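Have a look at the structure below before the remarks.
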Amino acid sequence: MELVSGIVAATVASAFTVELWLSWRARRRLHAEAWTLAFAAYSLGTWALVAGLAFGWSATSFRFFYFFGAIANIPLLAVGAIALVVSERAARRFLAPTLLWVVVGFFATFLAPLSAPLLHDGVPEGSDVFGFSFVIDALTLPGPRMFAAVSGAVGSVVIIGLSLGTIVRNLSGNRRLVWANILIIGGVLAPAFGGTLTAFGDSAGLSMSLMIGITLLWAGYRMATGSRRQPVSGEIWEISVRALEESER
């Protein structure tokens, strides 16, 4: 069941990535670009999880899983949200620091030594494998766990905060948009809950939470954009902006 749910989550995430990429090709908007990169990271992280569950964990597969799943995806998704809710100009101010953060996090993840052997089955816990810092040539550097903690906390606060703002503004108006953003919040929180289960020894919950998370995100996306026309990436947020502008006129 753990492997099956992981495969489903990875397949759905890959399909969503392709859809976002097609949207970006059609419109060349910053939010579509950021979301495409974010869900590509989600997909790669989930496929790395599938590889670890199917063939056993290696140092390389776990590093890919940890980097793409815990460090890279949420900050990029947050940049896309800023582009839609605030402005592309504001998002571009965050884009370069975010990309730099992700690149440095990549090197930290692949340079940091493993502090414990990897499990032969289940999902290794990041706190058992990596530290908050590591030493190279007497130089202490921030470790993968620090990058994961900051990425998850800051990125989630940005996305959830923007979603909550959209919900409050539309409580008496666009109920479809309210429910869409509720689903997005659930999609962001579900993988975090799965990580908590893993910390308590229930590694099977992580694959399921990834499947639930990506399904909620896609359901919220579909609910906001509708199904009668080709959906446009990020329109969940664009509809919110238009509704706010109309209410201020």
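Looking at the stretch 12-23 only, could you name the residues that are open to solvent by less than 70 Å² (accessible area, probe 1.4 Å) and either out of contact with any helix residue (DSSP H, G or I) (no Cβ under 7 Å at 6 or more places or on another chain) or not in a helix (DSSP H, G or I) (or both)?
Of everything in the stretch 12-23, those that are open to solvent by less than 70 Å² (accessible area, probe 1.4 Å) and either out of contact with any helix residue (DSSP H, G or I) (no Cβ under 7 Å at 6 or more places or on another chain) or not in a helix (DSSP H, G or I) (or both) turn out to be ALA15, GLU19.
If I filter the stretch 75-92 down to residues being modelled with pLDDT of 85 or more and of a type in the set (Gly, Ala, Ser), which single residue comes out as nearest to TYR42 (Cα to Cα)?
ALA78
Does VAL168 satisfy the condition of being in contact with a strand residue (DSSP E or B) (Cβ under 8 Å, 6 or more places away or on another chain), free of Cβ contacts under 8 Å to residues at least 24 places away in the same chain and open to solvent by 60 Å² or more (accessible area, probe 1.4 Å)?
So VAL168 does not fit the description; no.
Looking at the stretch 125-149, which of the residues that are within 10 Å of ALA70 (Cα to Cα) and either at pLDDT below 85 or open to solvent by 30 Å² or more (accessible area, probe 1.4 Å) (or both) is nearest to the chain's Cα centre (by Cα)?
So the residue we want is ALA149.
When residues of the stretch 130-148 are filtered for being over 23 Å from THR215 (Cα atoms), in contact with a helix residue (DSSP H, G or I) (Cβ under 9 Å, 6 or more places away or on another chain) and of a type in the set (A, V, I, L, M, F, W, C), how many remain?
7
Under 6 Å by Cβ, and 6 or more places apart or on different chains, what pairs join a residue from the stretch 74-90 that is farther than 15 Å from GLY155 by Cα and without any contact (Cβ under 8 Å) to a residue 40 or more places away in the chain with one that is open to solvent by 20 Å² or more (accessible area, probe 1.4 Å) and of a type outside the set (S, T, N, Q)?
ALA90/ILE82
For the stretch 95-108, indicate whether the set of residues that are farther than 16 Å from ARG145 by Cα, of a type in the set (Gly, Ala, Ser) and in contact (Cβ under 8 Å) with a residue 60 or more places away in the chain is non-empty.
No; the residues of the stretch 95-108 include none that is farther than 16 Å from ARG145 by Cα, of a type in the set (Gly, Ala, Ser) and in contact (Cβ under 8 Å) with a residue 60 or more places away in the chain.
If only one of ALA13, ALA26, ALA32 is over 20 Å from SER209 (Cβ atoms), of a type in the set (A, V, I, L, M) and touching a Ser or Thr at 6+ places or on another chain (Cβ under 7 Å), which one is it?
ALA32
If I filter the stretch 82-93 for residues that are open to solvent by less than 30 Å² (accessible area, probe 1.4 Å), touching a helix residue (DSSP H, G or I) at 6+ places or on another chain (Cβ under 6 Å), under 21 Å from PHE132 (Cβ atoms) and not polar (S, T, N, Q), do I get at least one hit?
no
The values are calculated or read from the model by the stated rules, or taken from the named source; none is laboratory data. In this text the structure is predicted, and so the values were computed from the model without any measurement. Reconstructed Cβ throughout: ideal geometry from the backbone, glycine too, with neighbour counts over all protein chains shown. Areas reflect the complete protein model, heavy atoms only, side chains present, ligands, DNA and RNA absent. Shrake-Rupley method; radii C 1.70, N 1.55, O 1.52, S 1.80 Å.
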